[in-house]
1. Within segment 33-125, which helices (runs of 4 or more DSSP H) (wholly inside it) include 1 or more residues that are outside the structural domain of residue 325 (by TED's automatic domain parsing) and within 16 Å of the ligand (Cβ to nearest atom)?
2. When you go through (1) surrounded by fewer than 22 Cβ atoms within 10 Å (Cβ to Cβ); (2) in contact (Cβ under 8 Å) with a residue 40 or more places away in the chain; (3) not assigned by TED's automatic domain parsing to the domain that holds residue 32 one by one for residue 176, which number turns out not to apply?
3. Return a yes/no flag: does segment 248-265 have any residue that is assigned to a helix (DSSP H, G or I) and modelled with pLDDT of 95 or more.
4. Pull out all pairs, ordered by first then second residue, where Cβ-Cβ is under 9 Å, the residues are six or more apart or on different chains, the first lies in segment 214-232 and is over 20 Å from residue 121 (Cβ atoms), and the second is assigned to a strand (DSSP E or B) and within 16 Å of the ligand (Cβ to nearest atom).
5. With 144, 133, 199 as the choices, which residue is in contact (Cβ under 8 Å) with a residue 60 or more places away in the chain and either surrounded by fewer than 18 Cβ atoms within 10 Å (Cβ to Cβ) or not assigned by TED's automatic domain parsing to the domain that holds residue 32 (or both)?
6. Return the residues of segment 226-247 that are in a helix (DSSP H, G or I), out of contact with any strand residue (DSSP E or B) (no Cβ under 8 Å at 6 or more places or on another chain) and more than 16 Å from the ligand (Cβ to nearest atom); say none if nothing qualifies.
7. Name the single residue that is farthest from the chain's Cα centre (by Cα) among those in segment 197-217 being part of a loop (DSSP other than H, G, I, E, B) and within 16 Å of the ligand (Cβ to nearest atom).
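The values are calculated or read from the model by the stated rules, or taken from the named source; none is laboratory data. Fair warning: this is a prediction, and the values are worked out from it, not measured in the lab. Virtual Cβ from ideal backbone geometry, glycine too; neighbours counted across all protein chains shown.
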Ligand code: FE
């Protein structure tokens, strides 16, 4: 008789627990990625775990601003974006929760992990040249783009863009600030025009002969390679691609990644989601959808464009070093006049 209330209490606790577990069946994701191919990535997670994903997609800065404004009451569980320096900045703002995960640590190489965030795919900065105008032998290294032989032939996007800041950060890390500045000045002296547009615009300008050579993220090249539009086919036929610095430290790579937010209301769901992102299947979706490479070495993507581009030596510089040098990189570009 005495036991009945206890039993009721136990039952009540059980109900309370399952109510709490039911709340956990949701993940609020803030994402600065916006690739249609990510749909399968998310729906597959829900299928596997029963955890629904509420996704808020916006530009990186808007999401950071939103997170800061929402503060402790933010509904966001996970933040994902591109570029190591941006993730490091979010971390500096104290947005990420420390997350100990043996699975993430074993699947993601150490140089691709931040303090409280993780990389899920990599992209390389490649050299793209006009086949009729420039010999590939003359553009084997980023350093070559600063040589007088390429005067008036280089096109570039803004030096303030994270992709170029990241590249210069790696040059600073590898060769020091003054060499990096000399390089930036040399490239600026070779500009065919003032920096404008994105990477794809540079590739198109190279194909059109407006410039002889540029630097682009690999996935923009791959996207054009996979395009069936006749105008894109023409662009790709006119250009060649070089894996830079293969006899030096390797091609500069950057990442897309994310982490669990400190204020995450659904921490278990957040952990599950981040761990799901390093599963074989998710790695394929995550990387292949945007023509990137998985961070998990054993995972093979069957992407015709990436296969055509072939394998390459990537610079193994820790992503945290890229982030550390980003502010200095901006100063160096400013001094060199790389607008
Ligand atoms: Fe991009």
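1. Ranges flagged: 38-49, 60-70, 84-92.
2. Only one criterion in (1) surrounded by fewer than 22 Cβ atoms within 10 Å (Cβ to Cβ); (2) in contact (Cβ under 8 Å) with a residue 40 or more places away in the chain; (3) not assigned by TED's automatic domain parsing to the domain that holds residue 32 is unmet by residue 176, namely (2).
3. no
4. Pairs that qualify, where the first residue is over 20 Å from residue 121 (Cβ atoms) and the partner is assigned to a strand (DSSP E or B) and within 16 Å of the ligand (Cβ to nearest atom), are 214/128.
5. Just a single option satisfies the conditions, and that option is 133.
6. Answer for segment 226-247, where residues must be in a helix (DSSP H, G or I), out of contact with any strand residue (DSSP E or B) (no Cβ under 8 Å at 6 or more places or on another chain) and more than 16 Å from the ligand (Cβ to nearest atom): 230, 231, 232, 233, 234, 235, 236, 237.
7. 197
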